[in-house]
Amino acid sequence: GENVEQHPSTLSVQEGDSAVIKCTYSDSASNYFPWYKQELGKGPQLIIDIRSNVGEKKDQRIAVTLNKTAKHFSLHITETQPEDSAVYFCAADTRGNTPLVFGKGTRLSVIA
Amino acid sequence: NAGVMQNPRHLVRRRGQEARLRCSPMKGHSHVYWYRQLPEEGLKFMVYLQKENIIDESGMPKERFSAEFPKEGPSILRIQQVVRGDSAAYFCASSPLQGATGELFFGEGSRLTVL
């Protein structure tokens, strides 16, 4: 089955700097790669996603890149703000009835 | 349009008791997923259900755990004879689409503590 590895597990950045979180996946058939943000005491919320027919997607300060050959994808947050502090999860999905497989998460701290 | 509703938000049980966690999906969603999150861990898939059907229960322990999504009413995750290792946050997610090739909408979770 699919296996998703996520790095780093914790990340601290100064406000205004960029943050990058990286994930690798094992199943070359995976074709959907979402990123979720989880704030303390809350459920995860989708912030951006990318499909295998696209190499990059951007939404304001957030961007995701996908390298299908290397089987890895990354989340980029620019101009970080304190409210970006949260746990971020990457995930991968094969197709059909298979469930999303999540990475172990990255705890991002943005220091003002 | 209300989001995914989970209750209770917090549940305390003693070892050997039963825990029942409920999840009402978003309106119009007929696909429900349950995930378990241990402290400082990721989300582990447990079970995927459609109305009256279990589609994939490969992540759910064979003993003590069961799930249902009846024709009427919420989805229920039931844990019998709870042990301390069952202490975790249990998240329900729903989707309007078959499989998970689109966004999963998560509830706020039910946090189970076993004393």
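The values are calculated or read from the model by the stated rules, or taken from the named source; none is laboratory data. Everything numeric here is computed off the predicted structure, so don't read it as measured data. Here Cβ is always computed from backbone atoms with ideal geometry, including for glycine, and neighbour counts include all displayed protein chains. The area values use the complete protein model at the heavy-atom level, side chains included, leaving out ligands, DNA and RNA. Shrake-Rupley method; radii C 1.70, N 1.55, O 1.52, S 1.80 Å.
Summary table
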quantity	calculated
Nearby aspartates and glutamates by direct alpha-carbon distance to A:Lys42 (threshold 13 angstrom, same-chain neighbours under 8 apart not counted)	B:Glu108
Per-residue average of Cβ from other chains inside 10 Å of A:101-107	4
Relative contact order (percent, whole number), segment A:1-94, Cα cutoff 8 Å, 6+ residue spacing	37 percent
GNM top mover of A:Asn31, A:Asn53, A:Asn67 - chain A, alpha-carbon springs below 10 Å	A:Asn53
For chain A: accessible area per residue (Å², 1.4 Å)	49 Å²
Chain A - percent of accessible surface contributed by carbon and sulfur, probe 1.4 Å	46 percent
Highest-fluctuation residue, B:Pro61, B:Pro39, B:Pro25 considered, GNM on chain B with Cα pairs under 10 Å	B:Pro39
Karplus-derived 3J(HN,Hα), 6.51/-1.76/1.60, for each residue of segment A:99-111, Hz, glycine and proline x	x, 5, 9, 9, x, 7, x, 10, 8, 9, 10, 9, 9
Pairwise burial B:A, computed as accessible area of each alone minus the pair, summed, 1.4 Å, Å²	1800 Å²
Restraint check, A:Lys37/B:Lys51; A:Lys58/B:Lys44; A:Lys22/A:Lys57; A:Lys68/B:Lys44, Cα-Cα greater than 18 Å	A:Lys37/B:Lys51; A:Lys58/B:Lys44; A:Lys68/B:Lys44
Cα-Cα P(r), chain A, percent of pairs per 5 Å interval	2, 13, 25, 25, 19, 10, 5, 1, 0
Distribution of pairwise C-alpha distances over chain B, 10 Å bins, in %	15, 50, 30, 5
Separation between Cα centres of segment B:66-84 and segment A:19-41, rounded to whole Å	28 Å
Solvent exposure of chain B as accessible area per residue, Å², 1.4 Å probe	50 Å²
Minimum 50 Å² accessible area buried by the other protein chains, segment B:28-54 residues, probe 1.4 Å, relative to alone	B:Leu43
Portion, in percent, of the accessible area of chain B that falls on carbon or sulfur, probe 1.4 Å	46 percent
Overall Cα dimensions of the protein assembly as shown, principal axis frame, Å, largest first	48, 38, 34
In Å², nearest 10: area of A:Thr10 left accessible to a 1.4 Å probe	90 Å²
Accessible surface, 1.4 Å probe, highest first, among residues A:Ile111, A:Ile47	A:Ile111, A:Ile47
Heavy-atom accessible area order for B:Ser87, A:Ser30, A:Ser9, largest first, 1.4 Å probe	A:Ser9, B:Ser87, A:Ser30
